[in-house]
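Data first, discussion second: the structure below is written as structure tokens.
The values are calculated or read from the model by the stated rules, or taken from the named source; none is laboratory data. Quantities reported herein were computed from a predicted structural model and do not represent experimental measurements. Cβ sites come from the backbone with ideal geometry, for glycine too, and all protein chains shown count toward neighbours. To get the accessible areas, we keep the full protein, side chains included, count just its heavy atoms, and leave off ligands, DNA and RNA. Shrake-Rupley method; radii C 1.70, N 1.55, O 1.52, S 1.80 Å.
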Amino acid sequence: MTETAQENAGVRTVNNFLREQIAEDVRNKTYGDAPIQTRFPPEPNGYLHIGHAKAICLDFGLADEVGGKTNLRFDDTNPEKEETEYVESIQKDVRWLGFDWEKLCYASDYFGQLYEWALQLIRAGQAYVDDLSAEEIRQYRGTLTEPGKDSPYRNRSVEENLDLFTRMKGGEFPDGSRVLRAKIDMGSPNLNLRDPVMYRILHATHHRTGDEWCIYPMYDFAHGQSDSIEHVTHSMCTLEFADHQPLYRWYIEQLGIFPSHQFEFDRLNLTYTMLSKRKLLQLVQENRVSGWDDPRMPTLSGIRRRGFTPEAIRAFCASIGATRTNGTTDIEMLEHFQRDDLNRRASRAMAVLHPLKVVIDNYPEGKEEMVEVQNNPEDASAGTRQVPFSREIYIEQDDFREVPPPKYYRLSPGKEVRLRNAYFVTAKSVVKDATGNVIEVHCTYDPASRGGNSPDGRKVKSTMHWVSAKHAIDAEIRLYDKLFLKPDPYDFPEGGDLFDNLNPNSIEILTGAKLEPSLASAKVEDRFQFERVGYFCLDPDASPGKLVFNRTLPLKDTWAKIEKKAGA
RNA sequence: UGGGCGAUCGUUCAAUGGUAGGACAAUGCCCUUUGGAGGCAUUUAUCCAGGUUCGAAUCCUGGUCGCCCAGCCA
């Protein structure tokens, strides 16, 4: 086992090449005695999602392991897509995940410096103002297989370039009329080196700098230098930026500034999950979901509301590691880590989602008693609570079958089962409605089995949850399923659409659920295991008179599997 | 088609020239006052062909396949 493995609280961290790179640089003192510095650099143009969580865990986690520092930097170089709402949500989400930054930075903090550097490159004859239109630039760029050709404006004098660029900044020219380009190599096999655009004219109001600027640096002209300004030693990004690395280095070398280095790792892909910010925005804008924090969304705000925990997400990220191979992780992996975490920590409660009335005929009418129940069998320190029991209770409709199929252990006529922490009961008869549906089951109970065990040692095959009818509280329960029907949401026929794969039944709202009374005091984000059903948390939509619970995940269901196999 | 990157159980991640291993999933059994949890067991992998070496997943050569790049997005 070569896990670099701090194994704490069940978190198993697998080794990865980024950690090794950092360890090597620390060993070799590549950056002298300066601490390792990383950064998490989101563009504030949307909400963070589970894919970002992987990057966050890497950026913050790897630096932290070696006593390094991490900045949160907003890559806000495109005012047309960025908003303050997003910078706020991003900070909230990073903190929620459990990380805190050394410095809060913005690429826009560096607009002045970047402008000076652009001037420096112009003076060095390494940048020029191009009057070609966007369309012409595209044509001059060539193709994957053919080299590009020089713009007719490529050899303007330094003086003219300085004059034009200054006037670009001064607002003299309309959007799109000119750009500043780096003079590199129009014949390069790497398209990023074919005189990349450094600045474009955008008369747009920036969420931070307002109307101070009407020219904005491109990602490539801002990112490496921002890293450099912050003395970032290890600039980690996803694989699709690998082709940009030569340009990243080119700017840093020409400018002669702090040598930050870029390292690329694989982006997270999950089955049944779509992680395109642009498409996620579309889901929100088209009201296909209730918002960025819809519990079906893969955003951090969505899965937080769904009931996922930062601990589970971090454990998941630690286990998937980082490589340079692009694959797709099974969503079950994430779910596993979430169940594992909640199983250890969530308080248990009894809740009946689809109630069926049970009357215990030999239980004295009007009698009530409290039974003692463990809050968490996995954790004795969680203590116990008292749950009321009485003559009429609710059980799950699924837990009674008039004609039990093979291997069905639950209640059926003549069968004895255990009501969890309460008594053994035996079904005696049923009451049906006009259409023949069972609407009530009559049982007898064994008074000697109080607490759930019979003194004679008699065993039962099944233990079922229940709620006292008289004491039950009502709640709305929201059951969520996958947002997309296919493992690969992009798997749709020619002419089809990503959204054709949307699951029409991704949410089911239950209004008749019956809950044990202790749940009345639940607070938002409190997490519970409704025994035998799943993990749930109180939704922010809940109000004092109205409880609303979200199902985070169902419990694993062996019986469902047996039933499915028998049916197939 | 030019360039870059990659290829290990069904999935994901290890093995850094020396016994191919873990996790998820699946299957079976045990256990259980949650058909949950837990325990045990089982199945399945080094893309192909050559080469170097006592020894290759690892190094070399040649293929094959996959991903990324032709925004004045990031």
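The set of residues in segment A:447-480 being acidic (Asp, Glu) and touching a residue at least 40 places away in the same chain (Cβ under 8 Å) consists of A:Asp474, A:Glu476.
The sole residue among A:Tyr423, A:Tyr409 that is modelled with pLDDT of 95 or more, in the same structural domain as A:Ser468 (by TED's automatic domain parsing), aromatic (Phe, Trp, Tyr) and over 14 Å from A:Val359 (Cα atoms) is A:Tyr409. The combined condition, being under 15 Å from A:Asp75 (Cα atoms) and more than 7 Å from RNA strand B (Cβ to nearest atom), is fulfilled by A:Glu230. Restricting attention to segment A:408-421, the residues being surrounded by fewer than 17 Cβ atoms within 10 Å (Cβ to Cβ) and among the small types (Gly, Ala, Ser) number 1. Checked across segment A:268-281, the condition of being more than 10 Å from RNA strand B (Cβ to nearest atom), under 30 Å from A:Ile36 (Cβ atoms) and in contact with an Asp or Glu (Cβ under 8 Å, 6 or more places away or on another chain) holds for no residue.
Within segment A:446-476, the set of residues being aliphatic (A, V, I, L, M), more than 12 Å from RNA strand B (Cβ to nearest atom) and under 19 Å from A:Ser390 (Cβ atoms) comprises A:Val467, A:Ala469, A:Ala472, A:Ile473. Would you confirm, using the coordinates I've provided, whether A:Thr209 is surrounded by fewer than 20 Cβ atoms within 10 Å (Cβ to Cβ), polar (S, T, N, Q), in contact (Cβ under 8 Å) with a residue 60 or more places away in the chain and away from RNA strand B (no atom under 11 Å from the Cβ)? When the stated conditions are applied, A:Thr209 passes them.
What are the residues in segment A:197-215 that are touching a strand residue (DSSP E or B) at 6+ places or on another chain (Cβ under 7 Å) and more than 18 Å from A:Thr84 (Cα to Cα), if any? Those that are touching a strand residue (DSSP E or B) at 6+ places or on another chain (Cβ under 7 Å) and more than 18 Å from A:Thr84 (Cα to Cα): A:Val197, A:Met198, A:Tyr199, A:Arg200, A:Ile201, A:Leu202, A:Cys214, A:Ile215.
Among residues of segment A:354-385 being under 36 Å from the mean Cα position of the chain (by Cα) and in a strand (DSSP E or B), the one that is farthest from RNA strand B (Cβ to nearest atom) is A:Pro355. For segment A:181-214, the tally of residues that are within 16 Å of A:Leu164 (Cβ to Cβ) and within 34 Å of the chain's Cα centre (by Cα) stands at 4. Only helices (runs of 4 or more DSSP H) whose full extent lies in segment A:246-353 are considered here, and the ones with at least 1 residues that are open to solvent by 40 Å² or more (accessible area, probe 1.4 Å) are A:277-285, A:310-320, A:331-345. For segment A:511-521, check the following and say yes or no: at least one residue is of a type in the set (Val, Ile, Thr), surrounded by 14 or more Cβ atoms within 10 Å (Cβ to Cβ) and within 29 Å of A:Val284 (Cα to Cα). No. Taking the criterion of being open to solvent by less than 40 Å² (accessible area, probe 1.4 Å) and more than 40 Å from the chain's Cα centre (by Cα), the residues of segment A:135-160 that qualify are A:Gly148, A:Ser151, A:Arg154, A:Arg156.
Out of A:Asp227, A:Asp150, one residue alone is acidic (Asp, Glu), at pLDDT 95 or above and in contact with a Pro (Cβ under 9 Å, 6 or more places away or on another chain). It is A:Asp227. When residues in segment A:422-439 are screened for being in contact (Cβ under 8 Å) with a residue 24 or more places away in the chain, open to solvent by 40 Å² or more (accessible area, probe 1.4 Å) and either more than 45 Å from the chain's Cα centre (by Cα) or near RNA strand B (Cβ under 9 Å from one of its atoms) (or both), 2 of them pass. When residues in segment A:535-568 are screened for being surrounded by fewer than 22 Cβ atoms within 10 Å (Cβ to Cβ) and within 16 Å of RNA strand B (Cβ to nearest atom), 16 of them pass. Criterion applied to A:Lys149, A:Lys169 was being basic (Lys, Arg) and touching a strand residue (DSSP E or B) at 6+ places or on another chain (Cβ under 6 Å), and the one residue passing it is A:Lys169.
Which residue, of A:Asp163, A:Asp131, A:Asp195, is surrounded by 13 or more Cβ atoms within 10 Å (Cβ to Cβ) and more than 23 Å from A:Thr77 (Cβ to Cβ)? Of A:Asp163, A:Asp131, A:Asp195, the one residue that is surrounded by 13 or more Cβ atoms within 10 Å (Cβ to Cβ) and more than 23 Å from A:Thr77 (Cβ to Cβ) is A:Asp163. For segment A:535-565, the tally of residues that are over 19 Å from A:Pro517 (Cα atoms) and among the small types (Gly, Ala, Ser) stands at 1. For segment A:403-421, taking the residues that are part of a loop (DSSP other than H, G, I, E, B) and more than 18 Å from A:Ala566 (Cα to Cα), the one that is farthest from the chain's Cα centre (by Cα) is identified as A:Gly414. Residue pairs whose Cβ atoms lie under 8 Å apart, sitting 6 or more positions apart in sequence or on different chains, and linking a residue in segment A:359-379 that is closer than 30 Å to A:Val438 by Cα to a partner that is within 10 Å of RNA strand B (Cβ to nearest atom) and among the small types (Gly, Ala, Ser), are A:Val371/A:Ala422; A:Val371/A:Gly451.
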